[in-house]
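Read through the structure below, which is laid out as structure tokens, and then see the notes.
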Amino acid sequence: MASNDNNASAHAGTAGLTDVETLRRRAREHIDQGAVTPSYSADRDVVLKLLNEALATEWVCVLRYYRHYFSASGMFADAVKGEFLEHAQQELEHANLIAERIVQLGGEPDLDPDTLTARSHAEYRPGKDLRDMVREDLVAERIAIDSYREMIAYIGDRDTTTKRMLEHVLAQEEEHADDMKDLLDGWIGE
């Protein structure tokens with residue numbers, strides 16, 4: 001018992017940190033809010049809106065990459081199809097991470113197919129040939145990169161968990177853009 005008292009009093013004297021008893025009391029208040037505690041300082045409604053837009057963007061990218069994977073044809077199709085499939089799967093992983101975070105924040109992932117493309121930052125453009133497909137995927141990745149950078153800057157340190165998740169997704173989107181640019185740079189013929 002004495003060690004608990006010593007812990008609480010030692011922690012209470014540390015500048016900027018909440019004392020242990022207050023932490024314990026607050027943890028029991030509003031328990032129905034799960035991971036969202038009083039120290040969460042972001043505007044949750046805005047963060048949920050941003051995350052649902054990101055979720056829509058990821059799903060549009062999943063669908064576009066799968067469309068490109070299944071419909072790619074021509075001399076270079078086999079080489080490019082692997083990239084399309086890998087990116088589709090990674091975009092789906094991003095969508096899953098984002099949907100899970102939305103739920104952790106007490107929101108609902110909006111997967112309404114009727115409004116998905118309207119909420120997405122990226123467009124669903126199928127492309128008229130293999131090279132155009134790669135170009136459209138590069139454009140979509142560039143849109144995602146700017147969108148994620150802006151979200152990360154907006155959220156800042158007010159929601160470090162969401163920020164870290166978005167930074168992880170951004171890093172993969174940048175890799176995808178590099179992959180698509182490399183494909184375009186190495187293109188031979190029409």
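Coordinate-derived values only; no laboratory data. What you see is a predicted model; the values in this text were computed from it and never measured. Using ideal geometry, Cβ is built from the backbone for each residue, glycine included, and neighbour counts are taken over all protein chains shown.
Is the shape of region 111-182 rounded, prolate or oblate, going by the alpha carbon gyration tensor and its root eigenvalues a ≥ b ≥ c, with a/c under 1.5 for rounded and a/b larger than b/c for prolate? The shape class here is oblate. Less than 5 angstrom separates the built amide H of His121 from those of Thr57, all sequence-distant by 5 or more or on a different chain. Computing log10 I(q)/I(0) by the Debye sum over Cα atoms at q = 0.11 Å⁻¹ for the structure here picks out one of (1) -0.59; (2) -0.48; (3) -0.53, namely (1).
Across region 155-166, coupling constants 3J(HN,Hα) worked out from phi with the 6.51/-1.76/1.60 Karplus curve, θ = phi - 60°, read 6, x, 9, 7, 8, 5, 5, 5, 4, 4, 4, 5 Hz, and Gly and Pro carry x. Straight-line reach from Lys49: taking Cα to Cα under 29 Å and skipping same-chain neighbours fewer than 8 places apart, the lysines in range are Lys163. If R₀ is 22 angstrom, what is the calculated FRET efficiency for the pair Tyr124 and Tyr154, using the beta carbon separation as r and rounding to 0.05? Once rounded, the FRET efficiency stands at 0.30. Rounded to whole numbers, the Karplus 3J(HN,Hα) couplings from phi for region 92-99 are 5, 4, 4, 4, 5, 4, 5, 4 Hz, using 6.51 cos²θ - 1.76 cosθ + 1.60 with θ = phi - 60°, and x at Gly and Pro. What shape does region 73-150 have by the C-alpha gyration tensor, where a ≥ b ≥ c are the square roots of the eigenvalues, rounded means a/c under 1.5, and otherwise prolate means a/b greater than b/c and oblate the rest? Prolate, because a/c is 1.5 or more and a/b exceeds b/c. 3J(HN,Hα) along region 74-86, derived from phi through the Karplus expression 6.51 cos²θ - 1.76 cosθ + 1.60 where θ = phi - 60°, amounts to x, 4, 9, 4, 4, 5, 7, 4, x, 5, 4, 5, 4 Hz, with x in place of Gly and Pro. One Cα centroid belongs to region 33-58, the other to region 113-180; the line between them spans 18 Å.
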